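The values are calculated or read from the model by the stated rules, or taken from the named source; none is laboratory data. None of these values were measured; they are calculated from a predicted model. So basically every Cβ, Gly included, is an ideal-geometry build from the backbone, and we count neighbours across all protein chains shown. The accessibility values were calculated without ligands, DNA or RNA, using every heavy atom of the protein model including side chains. Shrake-Rupley method; radii C 1.70, N 1.55, O 1.52, S 1.80 Å.
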Amino acid sequence: MAKTMQAAVVTAFGQPLMLQELAIPTPGPGQILVKTEACGVCHTDLHAAKGDWPVKPNPPFIPGHEAIGIVVALGAGVTAVKEGDRVGVPWLYSACGHCEHCLSAWETVCGEAKFGGYTQNGGFADYLLADPDYVAHIPAGLSAFEAAPLICAGITTYKGLKETQARPGEWMAISGCGGLGHMAIQYAKAMGLKVAGIDIDEGKLAHATRLGADLVINARTHDPAEMLNKQTSGGAHGVLITAPSLGAFKQGVAMTRKRGTCVLVGLPPGEFPVPLFDVVAKCITVRGSFVGTRQDMVECLAFAADGKVKADVELQPLAAINTVFHRLERGDVPSRVVLDFSDVVETAKSARSAALVDA
Ligand code: NAD
Ligand code: ZN
Ligand code: ZN
């Protein structure tokens, strides 16, 4: 096995990532080494690289929390996975396993949780370490490229939709139809909900319609709450806000039907005003939701394995990461970019065969 790997590293907040040749890490006791096949690029990676949030990672670090790869080495004592397994290394990299939240299967809010591509080096690299108790087990039949967006965009929206407690036949408004949103629309349709997609980009809205949205609203040209409330006779029973824009949050609360639930998952830095009278008088629930648990992961992957949802991916090489970040920031990524690491293997193979032909 090679001793070094390529990685895209955040060396300082707000600076372009640096492509570096680093030593391949060695798994310690209880850890595994994963050879990356694919890694999705989430808007969270952009927030991480810019140091957007109050709790910050410590540069230098390697982002990426939608990494799918093959287990290639086991540290001492590992039994939960074996070499050759295909796993995903998600945002919830590990948790303590014994606090009140872990004991009640809410490991996502464990105070000792570690985060992939944030507090731990992530998947923008040829190899990464992982905790075998917290990796996703990728069902046979799903390619690494299809699976990558599911382990953050998929699980987060699947969980967020459940947290709205909307029932089949009811309206779900999904604000932001990008990486997270294009998965949310599909999960919501698979759950039997009526879907309104809201975005500020006509291309995203056209795609939302192709994915089954019953109604789409351009929030740049229309007041989405006014339009939605009219079309649904009173607003959506569930609202899921994925847009990384503060304006979308106030609109989301205004789109929520009486006694409905507005779930916040987008994480632009800052605060948004909540109209207290409306929330109180309409008995609206406003609820945060953070990725999903290991059980949510099993469930959200099963939807994909059963063919009910499918991530739309655009493959790019690791070397394109800064361009991908610029496009993501401008809203120019149609659904999800997935970094493709198979060329590393392919290049090595073709270099070997070229050498054989030459010889
Ligand atoms: P993305 O860039 O792929 O998609 C964002 C979409 O929102 C784009 O289609 C964009 O056009 C649209 N948008 C922008 N402003 C809008 C507005 N005012 N109204 C409606 N739509 C608008 O990003 P993504 O990867 O889907 O991530 C979205 C957000 O979710 C980020 O802030 C990210 O950090 C956060 N996130 C949260 C969790 C969690 O666990 N809560 C998990 C993953 C990502
Ligand atoms: Zn993410
Ligand atoms: Zn815990």
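Rounded to 0.05, the FRET efficiency of the Leu19 and Ile70 pair, given R0 = 25 Å and the Cβ-Cβ distance, is 0.65. For Ile284, the residues whose amide H sits under 5 Å from its own are Arg259, ignoring neighbours fewer than 5 places away on the same chain, with H placed 1.01 Å from N. Taking other residues whose beta carbon is less than 12 angstrom from the beta carbon of Ala213, and scoring Lys, Arg as +1 and Asp, Glu as -1, yields +2. Per atom type, the chain shows carbon and sulfur on 55% of its accessible surface, probed at 1.4 Å.
Reported to the nearest whole Å, the Cα centre-to-centre distance from segment 203-219 to segment 63-103 is 35. Based on protein heavy atoms only, segment 154-288 ends up with 42 Å² per residue of surface accessible to a 1.4 Å probe.
Taking 0.36 nm per residue of separation and subtracting the current Cα-Cα distance, fully stretching the chain between Thr209 and Asp332 would add 42.5 nm. Sorting Leu161, Leu328, Leu74 on solvent-accessible area from highest to lowest, probe radius 1.4 Å, gives Leu74, Leu328, Leu161.
Sequence-distant contacts, meaning Cα pairs under 8 Å at least 6 residues apart, place the relative contact order of segment 37-135 at 32 percent. Between Lys50 and Leu103, the distance separating the two model label sites (each 7 Å from Cα on the Cα→Cβ line) works out to 4.1 nm. Taking the Cα centroid of segment 166-202 and of segment 222-278, what is the distance between the two, rounded to the nearest whole Å? Centre-to-centre distance over Cα atoms comes out at 13 Å.
Dipole of the chain computed with +1 at Lys/Arg Cβ and -1 at Asp/Glu Cβ about the Cα centre; of Pro27, His137, Gly178, farthest Cα towards the positive end is Gly178. What are the aspartates and glutamates whose alpha-carbon lies under 12 Å from the alpha-carbon of Lys159, with same-chain residues fewer than 8 places away excluded? Qualifying aspartates and glutamates at Cα under 12 Å: Asp296, Glu299. Note on the chain: with a GNM built from Cα contacts shorter than 10 Å, the maximum mean-square fluctuation among Leu318, Leu211, Leu228 falls on Leu211. Taking a ≥ b ≥ c as the square roots of the eigenvalues of the Cα gyration tensor, segment 154-288 is rounded, since a/c falls below 1.5. At 25 °C and 0.890 mPa s, what whole-number value in µm²/s does Stokes-Einstein give for the translational diffusion of segment 56-102, with Rh from the Kirkwood sum over Cα pairs? Answer from the Stokes-Einstein relation: 186 µm²/s.
Nearest 500 deg cm²/dmol is fine: what mean residue ellipticity at 222 nm does the chain get from its DSSP H runs of n ≥ 4 alone, each adding -39,500 (n - 2.57), divided by its residue count? One gets -9000 deg cm²/dmol as the mean residue ellipticity at 222 nm. At the residue level, Lys258 shows approximately 150 square angstrom of accessible surface with a 1.4 angstrom probe and all protein chains present. Across the chain, the relative contact order, built from alpha-carbon pairs under 8 Å that are at least six residues apart, equals 17 percent. Taken along the Cα-to-beta-carbon direction at a fixed 7 Å, the label points for Ser233 and Lys250 span 3.1 nm. Set Lys and Arg Cβ to +1 and Asp and Glu Cβ to -1, take the dipole of the chain about its Cα centre, and tell me which of Ser335, His101, Leu315 lies farthest positive. Value computed over the given set: His101.
Summing Lys and Arg as +1 and Asp and Glu as -1 over all other residues whose Cβ lies under 14 Å from the Cβ of Thr79 gives a net charge of -3. Using a cut-off of under 13 Å, list every residue of segment 167-199 whose amide N is near the label point 7 Å from the Cα of Thr221 along the Cα-to-beta-carbon line. Counting backbone N atoms under 13 Å from the label point, the list is 199.
Label-to-label distance, Ser143 versus Asp306, with points set 7 angstrom from Cα along the beta-carbon direction: 2.4 nm. A simple count of charges around Ile24, restricted to other residues whose Cβ falls under 10 Å of its Cβ and scoring Lys, Arg +1 and Asp, Glu -1, yields +1. Mean separation of Cα pairs under 8 Å and 6 or more residues apart, divided by the residue count, gives segment 154-288 a relative contact order of 23 percent.
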